[in-house]
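> Before I ask anything, here is the structure I am working with.
None of the figures in this text is laboratory data; all of them are computed from the coordinates on show. Small disclaimer: the values here were computed from a predicted structure and weren't measured. Methodologically, a virtual Cβ is constructed for each residue, glycine included, from the backbone with ideal geometry; neighbour enumeration extends over all protein chains shown.
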Amino acid sequence: MATTTIDITGLAGAAETELSARVGMLPNVASERTKRLQGRIAGAKPVTSVCGYCAVGCSTLAYVSDDGTLLDVEGNPESPINGGHLCPKGSALFGLTVNDQRWTTVKYRAPYADRYEERPLAWALERIAQRIRETREATFVRERDGKRVNHTLGISSLGGATFGVEENYLLGKFMHALGVVSIENQARI
Ligand code: SF4
């Protein structure tokens, strides 16, 4: 089979630039905006991390300055899972972490109230435990149609999409021990 060889070593200046552009070999094709964004993380240390939004487990690079300030989060190009890409949720990881509008305290809205109050986390956990116990005791069924069922239909469980295998295992054990049969995970919804 005949082959064609093109020698470009003699090309220079505009011709070289034109050819390089056509085959995607320009030395730096970044736009001015991209260069500005790259400047934001200049000198920052990339720390390998994992997106916490879902169980796909995309790898990220968290860019951290010398004083420990998080400057940016990008997809990790060396990851065999995501190859540097992040979905829209993962692309918002920086805003999840650095966001002055993010709620960091427990908000509680009492029945019939029209506004939320701030409550301590320990109070919220205790209240949730009380409500689970009250609901279970009020709705637990030992037998149905002559068969032992030992369950409650008054409680359901919705696990978070970021739960790992061990967390899901523990949540499942806990719910089954209570007699909860409506168990779902956000990743399936
Ligand atoms: S939320 Fe998106 S970026 Fe994060 S792990 Fe899942 S697929 Fe990857």
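> Give me the net charge for the shell around V64: Cβ to Cβ below 11 angstrom, other residues only, Lys and Arg +1, Asp and Glu -1.
Value of the local net charge: -2.
> If you don't mind, there's one more thing I want to ask. More than 17 angstrom separation, counting every C-alpha pair in the range 129-188; what % is that?
I get 43 percent for the Cα pairs in the range 129-188 exceeding 17 Å.
> What are the GluC sites (Glu not before Pro) within the range 30-106 that DSSP puts in a loop, where the Cβ has at most 14 other Cβ atoms within 10 Å?
Answer by residue number: E78.
> Would you kindly calculate the translational diffusion coefficient of the range 33-97, applying Stokes-Einstein with the Kirkwood radius from alpha carbon pairs, for 37 °C and a viscosity of 0.692 mPa s, and quote it in µm² s⁻¹ without decimals?
My calculation gives 273 µm²/s for D.
> Considering only the other residues whose Cβ falls under 11 Å of the Cβ of L96, what net charge follows from Lys and Arg at +1 and Asp and Glu at -1?
Spelling it out: positives minus negatives among the neighbours equals +2.
> Let me ask something else about it. Please report the net charge: other residues with Cβ closer than 14 Å to the Cβ of E118, K and R +1, D and E -1.
Its environment carries a net charge of +4.
> Under 17 Å from the Cα of K107, which aspartates and glutamates turn up, not counting those fewer than eight places away in the same chain?
E117, E118, E126
> Determine the dipole magnitude for the range 129-188: charges of +1 sit on the beta-carbon of Lys and Arg, -1 on that of Asp and Glu, nothing else is charged, the reference point is the Cα centre, and the result goes in debye to the nearest 20.
Its charge dipole is roughly 200 debye.
> Could you put W123, W103 in order, starting from the residue whose Cβ has the fewest other Cβ atoms within 10 Å?
Final ranking by Cβ density, sparse to dense: W103, W123.
> Do any trypsin sites (Lys or Arg not before Pro) in the range 92-127 lie in a DSSP loop with no more than 13 other beta carbon atoms within 10 Å, and if so, which?
Counting only loop positions with at most 13 other Cβ atoms within 10 Å, the trypsin sites (Lys or Arg not before Pro) in the range 92-127 are R102, R109, R115.
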